[in-house]
Amino acid sequence: MRARIRAGDPAAFADLYDQNARAVYSHALRLTGNWSEAEEAMSETFLAAWRARESVEPEGGSLKPWLLGIATHKAHNANRRLRRRLAFLTRSPEPRPVEDFADETAGRIDDARRLAVVHEALRQLRRSDREVLALCVASGLDYQQAAEALGIPVGTVRSRLSRARARLARLSSGRPRRETAEPRGPRGEMESEAALAALFLQEETR
């Protein structure tokens, strides 16, 4: 596969896409918290991979770490673009609200809300720690593969992952919510975010 990718074999690249597109999209979604930004980051990842195909090492295992490393940078760029757009929108007049009562739309809004809650909790981490967390815990890379993806030493991966887990553990160690009461105000929001972030960490890196 590596030799075929280096040689620019379109069929090999199509196979690479089929095998890894979902993982790349999911990784970008975890880092951006936005479906459209994740889709754009995924497209940019494979375009960049095609352009950089000759940089692939001839020997080695799966190319998934290489792709996720590219996706990490593309997701970071997507976040910067989104922040610029949001800053522009805050200076623009608010558009008139448009009501839409379709069940499909309502379900998508609910999914977006859940994703935003988890993403907000993860945003409280350093970007470097969040990237390692997404690679090792969510995408299932081992320490060596994550180090390859990010171009950092294995020891740095270990320390960042440990720091991220400790930070999220502190976020989730607040006062337990009452089972019979709905969370109210910012405090409830923070506890929900921490609880979902803790669920994100239940998978152990293999």
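The values are calculated or read from the model by the stated rules, or taken from the named source; none is laboratory data. Keep in mind the model is a prediction, meaning the values are calculated, not measured. Counting neighbours? That spans all protein chains shown, and the Cβs are built from the backbone with ideal geometry, glycine included. Please note that ligands, DNA and RNA were not included when accessible areas were found on the heavy atoms of the full protein model with its side chains. Shrake-Rupley method; radii C 1.70, N 1.55, O 1.52, S 1.80 Å.
General remarks:
- Listed by position, the helices (runs of 4 or more DSSP H) contained in region 129-206 that have at least 1 residues being at pLDDT below 85 and closer than 19 Å to ALA23 by Cβ are 185-200.
- Subset of region 40-65 (residues that are in contact with a helix residue (DSSP H, G or I) (Cβ under 7 Å, 6 or more places away or on another chain), open to solvent by 40 Å² or more (accessible area, probe 1.4 Å) and not in a loop (DSSP other than H, G, I, E, B)): GLU40, GLU44, TRP50, ARG53, GLU54, LYS64
- Residues of region 144-165 satisfying the condition of being open to solvent by 30 Å² or more (accessible area, probe 1.4 Å) and in contact with a Gly (Cβ under 9 Å, 6 or more places away or on another chain): GLN145, GLU148, LEU150, GLY151
- Only residues that are in contact (Cβ under 8 Å) with a residue 60 or more places away in the chain and basic (Lys, Arg) were counted across region 9-66, and they come to 2.
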